[in-house]
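Q: Before anything else, here's the structure in question.
What follows is calculated from the coordinates using simple rules that are stated; it is not laboratory data. Keep in mind the model is a prediction, meaning the values are calculated, not measured. When we count neighbours, we look across all protein chains shown, and the Cβ atoms used for this are built from the backbone with ideal geometry, even at glycine.
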Amino acid sequence: MSLQQILYRFKVHFLSRRIVQILLFVVILLLSFLLLWFARSSLDADNLLARGYVGLFLANLITGATILFPIPGEAVTVAAGAVLNPLNVAVVATMGATIGEMTAYLAGLWGRNILLKGYSARYEQAKGWMNRHGMLAVFLFALIPMLMYDLIGIFAGSTRYHFGKFIAATFAGRFIRLLIYAYMGHSAVSLLQLPW
């Protein structure tokens, strides 16, 4: 039996069970809560900035990985833009945020059966809408700070929206947003250095 056949059997016999999917969904939410607790108790912006690009990557990874529990990671990106190259800051921060945002997608993917139980007709409508407008929606939710990105990530995962498109739209939206933040920090330092 090949590895592909073993993985397929594992998926069919284990991962397709509703209780397993519910447990995976709950585990992701619990891990998100633990990340929130860890970030609030152990990490501060000064400590992360002292680690340079690695700290910036970790701050945005943790910020993106927490589902429905907001951690303000933008402050680290603004501060990093003040002392590091803003373009590099945006790229590194975007990579961390994009990888972190995969948790919302996975929560939706594994929690899919929870939604399907009583809402199968609405689910099919939502899936059609996501297939038509998904890339734009994911991009806008990643770009605009006031929108709850985790909701669109869970929605994309539950409708099994194309993972590559999800990642591309997330990266594009987050990159523009974090580039603006990095240049805000860079500009603030430049303004403070002007002779008044």
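Q: Report the full-extension gain for the segment ALA126 to LEU87: residue separation times 0.36 nm, less the Cα-Cα distance, to one decimal in nm.
A: Full extension from ALA126 to LEU87 adds 10.4 nm.
Q: Right, here's the next one. Please work out how much length the chain gains when fully extended from VAL54 to ILE144, using 0.36 nm per residue of separation minus the C-alpha to C-alpha distance, in nm with one decimal.
A: 29.9 nm
Q: Would you list GLU74, GLU124, GLU101 from fewest to most Cβ contacts within 10 Å?
A: With the sparsest Cβ surroundings first, the list reads GLU124, GLU74, GLU101.
Q: Between LYS165 and SER2, take the C-beta separation as r, use R0 = 35 Å, and let me know the FRET efficiency to the nearest 0.05.
A: 0.75
Q: Another question about this same structure. Give me TRP129, TRP110 sorted ascending by neighbouring Cβ count inside 10 Å, so fewest comes first.
A: Taking fewest neighbouring Cβ atoms as first place, the list is TRP129, TRP110.
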